[in-house]
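Just below is one structure, and these are the notes that go with it.
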Amino acid sequence: MNYLNDLFTLLPEIVLVVLVLVVITADLFLPRADKWMLTPLTVFGLILAGIACVLVWGVNDTVFSGFYRVDDLSVFLKMVTVGVGILSALFVPSYLRIRRLPLGEFNAMLLFSLIGMCVLCSSSDLITLFVGLELMVMPGYLLTGFAKTDRYSNEGGLKYFLLGSFASAILLFGVSWTYGVTGTTRIDAIGQALSGSSLNPAMLVAVAMLMVGATFKVAAVPFHYWTPDAYQGAPTPITGYLSVGPKLGAFALLIRVFAEALGPVRADWLVVMAILAVLTMTGGNIVALVQTNVKRMLAYSAIAHSGYILAGLAAFAAAGSVAVQRESIESILFYLAGYALMNIAAFSVVGMLQRDTSRFGGLRSFAGLGARSPGRAAAMAILLLSLTGIPPTVGFFAKWYVLLATVDAGLAWLAVLIVLNAALAAFYYLRVIVYMYMREPEDDPAPIDASAFGTVALALSVIGVILLGVYPGAILDVLRASAGSLF
Amino acid sequence: MTGVPVLSLIVFLPLVGALVLLFVPGTAHRAIRWIALLASLASLAASLALIGYRPDGPEFQFTENIDWVPAFGMGYRLGVDGLSAVLVMLTTILSAVSILYSWNPITKAVKEYYISMLLLMVGMLGVFVSLDLFLFYVFWEISLIPMYLIIGIWGGPRRIYATIKFVVYTLVGSLLMLVAILAVAIAHASAGHPFTFSYVELRGFAYTDTLQALAFGAFFLAFAIKVPMWPLHTWLPDAHVEAPTAGSILLAGVLLKLGGYGFLRYSLPLLPDAAKAFAPIMIALAVIAILYGALVAMVQPDLKKLVAYSSVSHMGFVMLGIFIFNMQGLQGAVYQMLAHGVITGALFLLVGVIYERTHDREIAHLGGLNARTPHYAAIFGLFVFASIGLPGLAGFIGEFLVLLGTFRYNGYVAGITMFIVIASAVYMLWMYQRMFFTVPSDWMRRFWPTLKDLSRNEWLALAPLIILVVAMGVYPVLIMDAVNSPAQRILDAVNASGGLTSFQLPW
């Protein structure tokens, strides 16, 4: 065993851990007026972590006696994780400063959560997986309740914590049943133990529990009830992170558990996954349709997006050939990356309109934004069109990819339901554009928070949304290699 | 074809204009208008190169072929045949006319308006020149959003309702078409071909009957909503009434043609068996549209609504011509599309002229305009007669050819259709009479002292349309030659097919 080599493969995680320590220490010694420097520090550290990811690209090795797997799939997800971290670190600070919330603690917790996501993406054992999951969601609970004196933030944090722990317990119970049936917690060994036979009743219980636990974390209907309150209660840019980061991790978990460990018995969970996908996208969209608060609307639409990604997983289960299976995983990965980019940015624009702390992101604060702040309105419009799935944006290509996978897997009916849902979603996304461009501003328009960090991050996101939409080929090779490492 | 990428220039010169506009301050209205006009004129100039299209040459000319996402067989494939060449020129001309006409009426958010107009051009032109189904879809959707904004921001009082209705209708149809495009490409690939969205490759493949039927249905929804065919037309009157004048010109003049073009370019050659099997239904819908549009147009009190419903009727002729599957019908359909684009574009422009002066479009409020605005009356009359189908003007040839083809298809259908041609004379002439010849109403007299005849700008915008409507009426040969071989290819594809023989629903 070459432990030095094993440690090298952990480089991104190591960089992140060192970064947390540096940030906490710096927070202790920096005078209040200079706290803003934590943001560039964090971003710089995250860029280093991104470089570390590039260094371990292509290693494809299982390390630490099989507990940890650094394959291209995990490295790709870590790169997206780092990107999510950079955007969040840039979007959040001014929102916190206006509300006199501590920046150092936020940065530290964000980084802890990112480390959890990295561990989760790389786990090749259900135990590691669980540790990573908890490390990812614990800071999430705290971040939701981050505005200590705000009732809604407290309520959201508490709900998220209680229901989240409950779901974690169910997931863990599922893990123990799996161990009971197969005699192992190693993901590839579970796959081998299950291949060639149909599910026995005990394993069926295990699969059911794993599915409930995992789909809870991606906010699939009917396990979504925590989402709107947690998302609405949390400070807005943090909601952006929560709607993307933990979801990214949860989908990594779904890929690891369902595509890898339970891949051999995928015919048994196909139908449930497809039904969950339909329920999730339809349920999310229908409820989003009647929201008058943009933050809450985006929270429900985030549920709908989970549904589209779950459809990719259903396509994986229905696929008749390895090529189509790969395509499904690729579509999930592309969707996750594109969704991360557009959703964080969309929430951040809502946050920018909450400079006046008595505003909660109602539709009315968007009235006339096109005249008041043309740049931000245009950015928001592009993000909303991308969320709707209008070309040439990344959101369109992501939907297209999922559609390709579902049609290719023979689930044309699911593809039809996806596009009908997309048309439904157009209705509420475009309503925000109606308010921004087709209505006059209110008498006392919401003041806009125009911090430099936030503006830069917004510009970066929008450029990314368009570039990846016009030329998705830019990340396609990386995507294919990472999906390929599963097979 | 090597050398200058003519088609890319046509499509993306407006985009260049839009990008330049981004950096012009929003208060510099004059500069903004000039830049937009120049960008559209540049695109128009580039499109004149398409006159060099050789009807006896290869099917697609001016082709460009660049890999876009090779992993998925998506290419930046452009090319025109006679059919798309004439539609491209129609689009560039009408766009320039619209931008010119908007010079004075648009005073609110001028910069955003012209950016939307130029992006709309990009989308529309892109649809006509793409030879890749994926690229086609991308342009198809791109053309949607600018029109959404144009109606929603610069439209009339009920603009938000109208524009959302327009978007949701169109989006439902086009998204289902996306699934159909995928299904077609996947079916083609699963037969051992490399995965591609290239139109030329996908055409001529023997898709299973079930796929053809379902895909035809999806394409039908997308295209029929755009055309619009009865009973999917209900968004059109709302959109037209609320849209600003230039929006109406492009909506009627070009966007509706996207639907007809879609049938000709995609539905028929890709899915000939299904097209053949469903033709009787399509013909029935087309005849209903012709009849319904004409009858409803007769009772419209609002000028724009009247012209909008006459569009439903005229586009019904296009659909009828497409689905009777003979040479006269197809040529007539294409000619009717072009003529309708010019005539209805001009009629909406003329309605805009009176609306600018009185801010009202009630026919009952007008009257006696002949006395105050003789030039306006004369030009309006010219286009009214063209719309009715007076020989010597553009509208006649298309309708005549379609009718001729219909007689070959079925005498009864042709008989019914003939009757409706008379109805179109009724509503158009009656409208003209009420507008220009009766005694002016008290309401109208308030405007009497200030009412002006056509301005220089309006003359400039109308001039190309006037020339076209006469030229197309007396000398149709150029267009007929260009359209001849594409029409023949479509006919060959459809006539070689035996319809759906083993069609089964998949459930």
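Here are the numbers:
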| quantity | calculated |
| --- | --- |
| Among (1) in contact (Cβ under 8 Å) with a residue 40 or more places away in the chain; (2) at the interface with chain A (Cβ under 10 Å from one of its Cβ atoms); (3) of a type in the set (S, T, N, Q), the one test that B:S130 misses | (2) |
| Positions within the stretch A:215-269 being hydrophobic (A, V, I, L, M, F, W, C) and not in a helix (DSSP H, G or I), in sequence order | A:V218, A:A219, A:A220, A:V221, A:F223, A:A234, A:L262 |
| Number of the condition not met by B:A206 [criteria: (1) crowded, with 23+ Cβ neighbours inside 10 Å; (2) among the hydrophobic types (A, V, I, L, M, F, W, C); (3) free of Cβ contacts under 8 Å to residues at least 40 places away in the same chain] | (1) |
| Some residue of the stretch A:186-209 being surrounded by 18 or more Cβ atoms within 10 Å (Cβ to Cβ), among the β-branched types (V, I, T) and touching a strand residue (DSSP E or B) at 6+ places or on another chain (Cβ under 8 Å) | yes |
| Single match in A:A377, A:A315 (criterion: in contact (Cβ under 8 Å) with a residue 40 or more places away in the chain and within 11 Å of chain B (Cβ to nearest Cβ)) | A:A377 |
| Test: residue in the stretch A:30-44 that is surrounded by fewer than 19 Cβ atoms within 10 Å (Cβ to Cβ), outside any helix (DSSP H, G or I) and under 27 Å from the mean Cα position of the chain (by Cα) | no |
| Subset tally (residues that are more than 18 Å from B:H233 (Cβ to Cβ) and assigned to a helix (DSSP H, G or I)) for the stretch B:151-173 | 5 |
| Lone unmet requirement of (1) within 18 Å of A:P228 (Cα to Cα); (2) in a helix (DSSP H, G or I) for A:A274 | (1) |
| Residue within the stretch A:400-420 that is part of a helix (DSSP H, G or I), away from chain B (no Cβ under 11 Å) and surrounded by fewer than 21 Cβ atoms within 10 Å (Cβ to Cβ) present | no |
| Qualifying positions in the stretch A:93-116 - of a type in the set (A, V, I, L, M) and under 17 Å from A:I47 (Cβ atoms) | A:L110, A:L111, A:L114, A:I115 |
| Qualifying residue in the stretch A:136-147 (condition: without any contact (Cβ under 8 Å) to a residue 12 or more places away in the chain and either more than 20 Å from A:P246 (Cα to Cα) or out of contact with any strand residue (DSSP E or B) (no Cβ under 6 Å at 6 or more places or on another chain) (or both)) | no |
| Qualifying position, being under 16 Å from A:L143 (Cβ atoms) and among the small types (G, A, S), among A:S65, A:S113, A:S94, A:S74 | A:S113 |
| Among residues of the stretch B:190-203, those that are assigned to a helix (DSSP H, G or I) and either touching a Gly at 6+ places or on another chain (Cβ under 8 Å) or within 19 Å of B:A493 (Cα to Cα) (or both), counted | 4 |
| Failed criterion for A:A346 (all others in (1) out of contact with any Asp or Glu (no Cβ under 6 Å at 6 or more places or on another chain); (2) of a type in the set (A, V, I, L, M); (3) within 14 Å of another protein chain (Cβ to nearest Cβ) hold) | (3) |
| In the stretch B:49-85, the residues that are of a type in the set (S, T, N, Q) and touching a residue at least 24 places away in the same chain (Cβ under 8 Å) | B:Q61, B:T63, B:S84 |
| Test for B:V80: is it closer than 29 Å to B:I35 by Cβ, away from chain A (no Cβ under 11 Å) and not acidic (D, E) | yes |
| Selected residue [among the aromatic types (F, W, Y), within 14 Å of chain A (Cβ to nearest Cβ), closer than 23 Å to A:V407 by Cβ and more than 24 Å from the chain's Cα centre (by Cα)] from B:F197, B:F205 | B:F197 |
| Boolean, A:P447 is modelled with pLDDT under 90 and under 30 Å from A:I329 (Cβ atoms) | no |
| Elements of type helices (runs of 4 or more DSSP H) contained in the stretch A:63-155, each with 2 or more residues being among the charged types (D, E, K, R), crowded, with 20+ Cβ neighbours inside 10 Å and on the phi < 0 side of the Ramachandran plot | A:72-98 |
| Counted residues, the stretch A:447-477 - those being crowded, with 20+ Cβ neighbours inside 10 Å and touching a strand residue (DSSP E or B) at 6+ places or on another chain (Cβ under 9 Å) | 1 |
| Of all residues making up the stretch B:142-160, the number that are more than 10 Å from chain A (Cβ to nearest Cβ) and either among the small types (G, A, S) or over 19 Å from the mean Cα position of the chain (by Cα) (or both) | 4 |
| Residue within the stretch B:354-372 that is part of a loop (DSSP other than H, G, I, E, B), touching a Pro at 6+ places or on another chain (Cβ under 6 Å) and not polar (S, T, N, Q) present | yes |
| Selection within the stretch B:97-111 - of a type outside the set (K, R) and surrounded by fewer than 24 Cβ atoms within 10 Å (Cβ to Cβ) | B:L100, B:W103, B:N104, B:P105, B:I106, B:T107, B:A109, B:V110 |
| Given (1) within 13 Å of another protein chain (Cβ to nearest Cβ); (2) over 26 Å from A:P237 (Cα atoms), index of the condition A:Y428 fails | (2) |
| Which listed residue is facing chain A (nearest Cβ under 9 Å) and either in contact with a Pro (Cβ under 7 Å, 6 or more places away or on another chain) or closer than 29 Å to B:V69 by Cβ (or both), from B:L171, B:L135 | B:L171 |
| Condition met for A:Y437 (facing chain B (nearest Cβ under 8 Å) and either buried (at least 18 other Cβ atoms within 10 Å of the Cβ) or under 28 Å from A:S94 (Cα atoms) (or both)) | yes |
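The rows are residues; the columns are (1) assigned to a helix (DSSP H, G or I); (2) at pLDDT 85 or above; (3) within 14 Å of chain A (Cβ to nearest Cβ).
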{"site": "B:H188", "(1), (2), (3)": "yes, yes, yes"}
{"site": "B:A218", "(1), (2), (3)": "yes, yes, yes"}
{"site": "B:L232", "(1), (2), (3)": "no, yes, no"}
{"site": "B:P237", "(1), (2), (3)": "yes, yes, no"}
{"site": "B:L251", "(1), (2), (3)": "yes, yes, no"}
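A quick yes/no check of all residues on (1) out of contact with any helix residue (DSSP H, G or I) (no Cβ under 9 Å at 6 or more places or on another chain); (2) closer than 24 Å to A:W57 by Cβ:
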site	(1), (2)
A:P445	no, no
A:S451	no, no
A:V456	no, no
A:V462	no, no
A:I466	no, no
A:Y471	yes, yes
A:D477	no, yes
A:R480	no, yes
A:S485	no, yes
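The values are calculated or read from the model by the stated rules, or taken from the named source; none is laboratory data. Predicted model only: the values in this text are computed from it and were never measured. Quick reminder, even Gly has a Cβ in these numbers, built from the backbone with ideal geometry, and neighbours come from all protein chains shown.
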